[in-house]
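A.B. asks: Please see the structure below; I have some questions.
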Amino acid sequence: MNRNNQMKGVLFVLLAGICWGSIGLFIRTFNRAGLYSMDMVVLRSVFTCLAMTLFLLFYDRKLLRIRLRDLWCFLGTGIVSMVFFNYCYFSLISLSSLSVAAVMLYTAPVFVMLLSAPLFGERITGRKVLALFLTVLGCIFVTGVIGDAASLSLRAILFGLGAGLGYALYSIFSRCALQRGYHSFTISLYTFLFASLAALPLVDPGRILSVSTSSPFMFFFSIACGIVTTALPYIVYNFGLSSMENGRAAIIASIEPVVATLIGFFVFREALTLGNLAGILLVLGAITLSNLAG
């Protein structure tokens, strides 16, 4: 694969991470409006599923087709990963700051690297391990575990690890779908179709509809949430994933907690300590090192 395609892949994954890092803006607003963690899973999933279906009907109907024998790939991305990951992550956001929630999510590269080695034969090199170490160390600094272990409850830590594992599994199942020849658009559509079907019985659809249509602002805000935090990043992440290894993509996408931390500071006036800044620099260093890994 040529260098140009690799760089495009890096940019796609970085864009996905930036979009995901903005999710706290939407979660906090929906929380205040009366929606819960699983409500927001459904809101994002249903909107993305409908939008992707309409888009593919005009763009290329062939991309709507999947083979029955490959159904497990999309059940994996949609239910095993998406529903579980989102529930854990949104619950964590309600229990901690945006920076803590986003950085706890980035235990994901550990899971991705460990799973990708036996499943896809990806080599665990010294440079990858160093980049992974910097990512995890950045997580520790940003969460404030050093010097303030009490800042995170056991419940929050478990939600954080659950979010990391669920997020990691998306890369694993997506890679399986990509290897079977599926387009990024197809993967995104069926991921959110199965996520919607799995999560809908767990919520009150009337409450979600009422909140999302309570005003013109909330209606367009809901649409923006689906585009910015769901449809766009998952599509471009899959494009990026097609040109690089899972472990490298997971580390590059760790730009997300940097974005979330900065949004928490500038928008929600959350404290930004020297430890936070050190964590940000470590994560950025890990992204740079991973990119140098070629």
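A.B. asks: For residue 94, work out the one condition from (1) surrounded by fewer than 18 Cβ atoms within 10 Å (Cβ to Cβ); (2) within 23 Å of residue 242 (Cβ to Cβ); (3) not hydrophobic (A, V, I, L, M, F, W, C) it doesn't fulfil.
C.D. replies: Failing condition for residue 94: (2).
A.B. asks: If we keep just the residues of the stretch 243-272 that are under 16 Å from residue 113 (Cα atoms) and among the polar types (S, T, N, Q), which is nearest to the chain's Cα centre (by Cα)?
C.D. replies: It comes out as 254.
A.B. asks: Show me the helices (runs of 4 or more DSSP H) found entirely inside the stretch 184-294 where at least 2 residues are within 19 Å of residue 105 (Cα to Cα).
C.D. replies: 232-241, 246-252, 255-266, 274-292
A.B. asks: Here's a follow-up. Got at least one residue in the stretch 34-46 being within 18 Å of the chain's Cα centre (by Cα), more than 16 Å from residue 199 (Cβ to Cβ) and hydrophobic (A, V, I, L, M, F, W, C)?
C.D. replies: No, because not a single residue in the stretch 34-46 is within 18 Å of the chain's Cα centre (by Cα), more than 16 Å from residue 199 (Cβ to Cβ) and hydrophobic (A, V, I, L, M, F, W, C).
A.B. asks: How many of the residues in the stretch 170-225 are in contact with a Cys (Cβ under 6 Å, 6 or more places away or on another chain) and of a type outside the set (A, V, I, L, M, F, W, C)?
C.D. replies: Summing the residues that are in contact with a Cys (Cβ under 6 Å, 6 or more places away or on another chain) and of a type outside the set (A, V, I, L, M, F, W, C) in the stretch 170-225 gives 1.
A.B. asks: Mind listing whichever residues of the stretch 230-245 are crowded, with 22+ Cβ neighbours inside 10 Å, in contact with a Leu (Cβ under 9 Å, 6 or more places away or on another chain) and of a type outside the set (A, V, I, L, M)?
C.D. replies: Scanning the stretch 230-245 gives 233, 237, 238, 240.
A.B. asks: Does residue 197 qualify as being surrounded by fewer than 21 Cβ atoms within 10 Å (Cβ to Cβ) and more than 30 Å from residue 57 (Cα to Cα)?
C.D. replies: Judged against the criteria, residue 197 is not a match.
A.B. asks: Okay, moving on. Of all residues in the stretch 160-194 being modelled with pLDDT of 90 or more and of a type in the set (Phe, Trp, Tyr), which is surrounded by the most Cβ atoms within 10 Å (Cβ to Cβ)?
C.D. replies: 192
A.B. asks: Only one of (1) modelled with pLDDT under 85; (2) assigned to a helix (DSSP H, G or I) is not met by residue 145, so which one is it?
C.D. replies: (2)
A.B. asks: Moving to a separate point now. Can you run down the residue pairs with Cβ atoms below 9 Å, 6 or more apart or on separate chains, where the first is in the stretch 12-25 and closer than 16 Å to residue 184 by Cα and the partner is buried (at least 24 other Cβ atoms within 10 Å of the Cβ) and among the basic types (Lys, Arg)?
C.D. replies: 13/248
A.B. asks: Now a separate question. For the stretch 39-61, name all the residues that are in a helix (DSSP H, G or I) and either of a type in the set (Ser, Thr, Tyr) or surrounded by fewer than 20 Cβ atoms within 10 Å (Cβ to Cβ) (or both).
C.D. replies: Passing the criteria: 45, 48, 50, 51, 53, 54, 55, 56, 57, 58, 59, 61.
A.B. asks: Mind counting the residues in the stretch 98-109 that are at pLDDT 70 or above and surrounded by 24 or more Cβ atoms within 10 Å (Cβ to Cβ)?
C.D. replies: Final tally of qualifying residues: 7.
The values are calculated or read from the model by the stated rules, or taken from the named source; none is laboratory data. Model, not experiment: these values are computed from the prediction. Note that we place each Cβ from the backbone using ideal geometry, even for glycine, and neighbour counts take in every protein chain shown.
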